[in-house]
Amino acid sequence: MSGKPSKTAAKVTKKTVAKPDTAEPVLLSGGNPQIAKGYGDAPVQAYIAAMPGWKSDVGHRLDALITRTVPGVYKAVKWNSPLYGIEGQGWFLGVHCFAKYIKVAFFRGTSLSPIPPGESKQKEVRYFHIHEEDQLDEAQLAAWVEQASQLPGERMCTDAKASGT
């Protein structure tokens, strides 16, 4: 009993100091924000706000385009990615940050016209990558979003809210 704090007490203090209540979201590999799973607009807006650098502005533009193109679109963040769908029908689109680009995943992308350029290991999925220097063709993106929203949605495991199951 020398009056020194125990090693355990010191470790607890360090952990407490390292994680303040106002901490910014953690960025995972490639700069993808770690946002808690949640349904509705709020978690999607939290994800977009946490997107690093130029990606946040593009995220706002994408979200506005999707919301404008598909009134009443259903939103969620799952697996650290915003998802967009039709309630009771599943998800048609997902967004994910990587170090040098944003990936927009169309879950039934092979049914879109023209087919988005990015291939996937999954049979029907197609990707569209957005890089910082790209000029967005919003008319093409809106056309893909509108087409995708009219196709059967992807029913992902533990998705009772979006899939109606």
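The values are calculated or read from the model by the stated rules, or taken from the named source; none is laboratory data. The model shown is predicted, which means the values in this text are computed figures rather than measured ones. Ideal geometry is used to build each Cβ from the backbone, glycine not excepted, and the neighbour counts take in all protein chains shown. SASA here: full protein model, heavy atoms, side chains in, ligands and nucleic acids out. Shrake-Rupley method; radii C 1.70, N 1.55, O 1.52, S 1.80 Å.
Which members of segment 118-138 meet the condition of being among the basic types (Lys, Arg) and open to solvent by 60 Å² or more (accessible area, probe 1.4 Å)?
Passing the criteria: Lys121, Lys123.
Might you check whether a residue that is at pLDDT below 95 and open to solvent by 40 Å² or more (accessible area, probe 1.4 Å) occurs anywhere in segment 106-117?
No, there is no match, as no residue in segment 106-117 is at pLDDT below 95 and open to solvent by 40 Å² or more (accessible area, probe 1.4 Å).
If you go through segment 139-159, how many residues are buried (at least 18 other Cβ atoms within 10 Å of the Cβ) and in contact (Cβ under 8 Å) with a residue 60 or more places away in the chain?
Count: 6.
Report, by residue number, each residue of segment 66-86 that is over 15 Å from the mean Cα position of the chain (by Cα) and either hydrophobic (A, V, I, L, M, F, W, C) or surrounded by 20 or more Cβ atoms within 10 Å (Cβ to Cβ) (or both).
Val70, Ile86 - these are the residues of segment 66-86 that are over 15 Å from the mean Cα position of the chain (by Cα) and either hydrophobic (A, V, I, L, M, F, W, C) or surrounded by 20 or more Cβ atoms within 10 Å (Cβ to Cβ) (or both).
Restricting the first residue to segment 63-88 and requiring it to be of a type in the set (Asp, Glu), which pairs with a second residue that is buried (at least 20 other Cβ atoms within 10 Å of the Cβ) meet a Cβ separation below 8 Å and a spacing of at least six or different chains?
Asp63/Val44; Asp63/Ile48; Asp63/Pro82; Glu87/Tyr74; Glu87/Ala162
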